[in-house]
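Every read-out reported here was derived from the displayed coordinates using simple, explicitly stated rules and does not represent laboratory data. Remember, predicted model here, so these are calculated numbers, not experimental data. Counting neighbours? That spans all protein chains shown, and the Cβs are built from the backbone with ideal geometry, glycine included.
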Amino acid sequence: AQTVTQSQPEMSVQEAETVTLSCTYDTSESDYYLFWYKQPPSRQMILVIRQEAYKQQNATENRFSVNFQKAAKSFSLKISDSQLGDAAMYFCAFHNAGNMLTFGGGTRLMVKP
Amino acid sequence: ETGVTQTPRHLVMGMTNKKSLKCEQHLGHNAMYWYKQSAKKPLELMFVYNFKEQTENNSVPSRFSPECPNSSHLFLHLHTLQPEDSALYLCATSMGHLYEQYFGPGTRLTVT
């Protein structure tokens, strides 16, 4: 079974600064997908960014980018120029062809004005 | 916001009650999911439906009973719940199992 670990229960960042959220996973598969989801307070969970394991290039979506280290089974999320609206729970998730989505425990990000 | 709606948004029920949670999607997706989100625990997958057929039951107690009458609607029927069942219940949909999932706003359930 796959496991996803987010070792930082809480993180804080100053507005306009950069923050990196950590995620590691355990799998014996070689082909899979990784996601970061954002869940703002009392609002719907939305997809932030997606990475296919076969792609060496790190995914980027505006101010959000990932550092995907396949050998190390690491998938961190970098948020640049942090904004107040970035405050939320962030979940790392793993998905391969045979199994469903497995989520990490989440990291609560606080953004200080 | 994302084409997936859930009703009710909040529900308080006693342990002897019977209630149902509803999920509706307007995205034309084929797969629908129920998750349980408890405080300080990772999201737990409960059920998966693919083309209206249940393909996954993640060892969920029988007091939770899913129903998928068509590709746009998913229900979770609840009966004789326990206080530890209090949680946020999230519905999600996707084009298929390999695609990203779109989540509803959730139903905050409190069992008294």
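Using the structure shown, decide if B:His29 is away from chain A (no Cβ under 12 Å) and surrounded by 15 or more Cβ atoms within 10 Å (Cβ to Cβ).
yes
If we scan region A:41-64, do we find a residue that is polar (S, T, N, Q) and closer than 28 Å to B:Arg9 by Cβ?
yes
Quick one: which of A:Ala93, A:Ala71, A:Ala59, A:Ala87 is away from every other protein chain (no Cβ under 11 Å), under 14 Å from B:Glu100 (Cβ atoms) and either touching a helix residue (DSSP H, G or I) at 6+ places or on another chain (Cβ under 9 Å) or small (Gly, Ala, Ser) (or both)?
A:Ala59
When residues of region B:32-45 are filtered for being surrounded by 14 or more Cβ atoms within 10 Å (Cβ to Cβ) and free of Cβ contacts under 8 Å to residues at least 24 places away in the same chain, how many remain?
3
Considering only region A:30-47, state which residues are more than 10 Å from chain B (Cβ to nearest Cβ) and either touching a His at 6+ places or on another chain (Cβ under 7 Å) or surrounded by 13 or more Cβ atoms within 10 Å (Cβ to Cβ) (or both).
A:Leu34, A:Trp36, A:Lys38, A:Pro40
A:Thr60 passes all but one of (1) surrounded by 15 or more Cβ atoms within 10 Å (Cβ to Cβ); (2) without any contact (Cβ under 8 Å) to a residue 12 or more places away in the chain; which number fails?
Among (1) surrounded by 15 or more Cβ atoms within 10 Å (Cβ to Cβ); (2) without any contact (Cβ under 8 Å) to a residue 12 or more places away in the chain, A:Thr60 violates only (1).
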